[in-house]
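> Below is one structure. I have some questions about it.
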């Protein structure tokens, strides 16, 4: 889901979790034998990614990317300058990127001139004009709170935008490189990951300012080098081991590894070095029963009640995400070589 959709939903009161988990569209609530759950069909993004791996870039996907970039680049800078002035924003005292971040954060958190700040967010987020009035009315009905308290994710996007514009005005980010406008937009998705990786110097300079304490920035060249070393390590295993599929022997980095990937796992994956790999139950009857349960749950056509919907999206009994797994990807079997498909 793109950031504009999430921010607009947030402005209308939809909570947007910002704790390192990806937001996925297309969830279908289901009920089976009194149990509630959610089924995620293969998303358009997932299907597109599978096509991209095959070198197939559809026209519609190019158009979506073009629209995304155009939306970012067509912001009315004169209108923003006027709103900056009305909201009391001045970049004259900004001497560093840290100053720009502090200024943007303080602006978003402030309860002063709250209407102007909300209006600035609507303009920056390219919210269609027909949404302005209902959003403003809802905001007024909630006591005209500071933007961060009212719509945290929309406030975060505005914070990134303000940071970028202030840094540009202070000549801390170059105006000569047109791609900077698109590159900074990747930071809109920082709240939804544990590790952000990039080989872009703008990201290397700016992303750490917005990372939570439990997030990491992995510099692209370093990550590629370590992934190459891991690939060589696993490639040296006997052929009969590799024929079992990567998930049978590569649940994570080698337990004695000290590389970048292992360091990231140390930070984000708990005590993984001491854990033993989970072995699937070698019970054909159990596996067949589980497969039947999954199939019947997926095909359930029962319409959930309002209470079922609240439980399904709040605390589901089951969660199913559909994926297509190729038997072999590159030089690696993803499932056992002798697994029938």
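The values are calculated or read from the model by the stated rules, or taken from the named source; none is laboratory data. Because the structure is predicted, anything quoted here is derived from the model rather than measured. A quick note on method: Cβ atoms are made from the backbone with ideal geometry, for glycine too, and the neighbour counts reach across all protein chains shown.
> Which residue out of 172, 187 is surrounded by 14 or more Cβ atoms within 10 Å (Cβ to Cβ), in contact (Cβ under 8 Å) with a residue 60 or more places away in the chain and either in a loop (DSSP other than H, G, I, E, B) or touching a helix residue (DSSP H, G or I) at 6+ places or on another chain (Cβ under 6 Å) (or both)? Please lay out each step first, then the result.
Numbers: 187 fails: in contact (Cβ under 8 Å) with a residue 60 or more places away in the chain.
Within the list 172, 187, the selection yields 172.
> Right, another one. Which of the residues that make up region 226-251 are touching a strand residue (DSSP E or B) at 6+ places or on another chain (Cβ under 7 Å), on the phi < 0 side of the Ramachandran plot and part of a loop (DSSP other than H, G, I, E, B)? Quick ask: steps written out before the conclusion?
Of the residues in region 226-251, the ones touching a strand residue (DSSP E or B) at 6+ places or on another chain (Cβ under 7 Å) are 242-243, 245-246.
From what is left, the residues that are on the phi < 0 side of the Ramachandran plot are 242-243, 246.
Across region 226-251, the qualifying residue is only 243.
> While we're here: Is it fair to say residue 160 is part of a helix (DSSP H, G or I), modelled with pLDDT of 90 or more and buried (at least 20 other Cβ atoms within 10 Å of the Cβ)? Show your work before the answer.
Working: part of a helix (DSSP H, G or I): yes; modelled with pLDDT of 90 or more: yes; buried (at least 20 other Cβ atoms within 10 Å of the Cβ): yes.
The answer is yes for residue 160.
> Exactly one of these conditions fails for residue 98: (1) at pLDDT 90 or above; (2) on the phi > 0 side of the Ramachandran plot. Give me its number.
Condition not satisfied by residue 98: (2).
> Same structure, new question: Give me a count of the residues in region 324-341 that are under 17 Å from residue 40 (Cβ atoms) and modelled with pLDDT under 75.
From region 324-341, those under 17 Å from residue 40 (Cβ atoms) are 324-325; that's our starting set.
Restricting the remaining residues to those that are modelled with pLDDT under 75 gives 324.
So the answer is 1.
> So, one more: Here is a check on your reading of the model: is residue 268 exposed (fewer than 10 other Cβ atoms within 10 Å of the Cβ), within 27 Å of residue 184 (Cβ to Cβ) and under 25 Å from the mean Cα position of the chain (by Cα)? Show your work before the answer.
Working: exposed (fewer than 10 other Cβ atoms within 10 Å of the Cβ): no; within 27 Å of residue 184 (Cβ to Cβ): yes; under 25 Å from the mean Cα position of the chain (by Cα): yes.
Criteria not met by residue 268.
> Cβ contacts < 9 Å: first residue touching a residue at least 12 places away in the same chain (Cβ under 8 Å) and on the phi < 0 side of the Ramachandran plot, restricted to region 13-25; second residue exposed (fewer than 11 other Cβ atoms within 10 Å of the Cβ) and in a loop (DSSP other than H, G, I, E, B), any location; separation 6+ or different chain. Result?
19/214
> Sticking with this one: Examine region 253-264 for a residue that is modelled with pLDDT under 90, surrounded by 14 or more Cβ atoms within 10 Å (Cβ to Cβ) and under 26 Å from residue 214 (Cα atoms), and state whether such a residue exists.
Scanning region 253-264, I find no residue that is modelled with pLDDT under 90, surrounded by 14 or more Cβ atoms within 10 Å (Cβ to Cβ) and under 26 Å from residue 214 (Cα atoms), so the answer is no.
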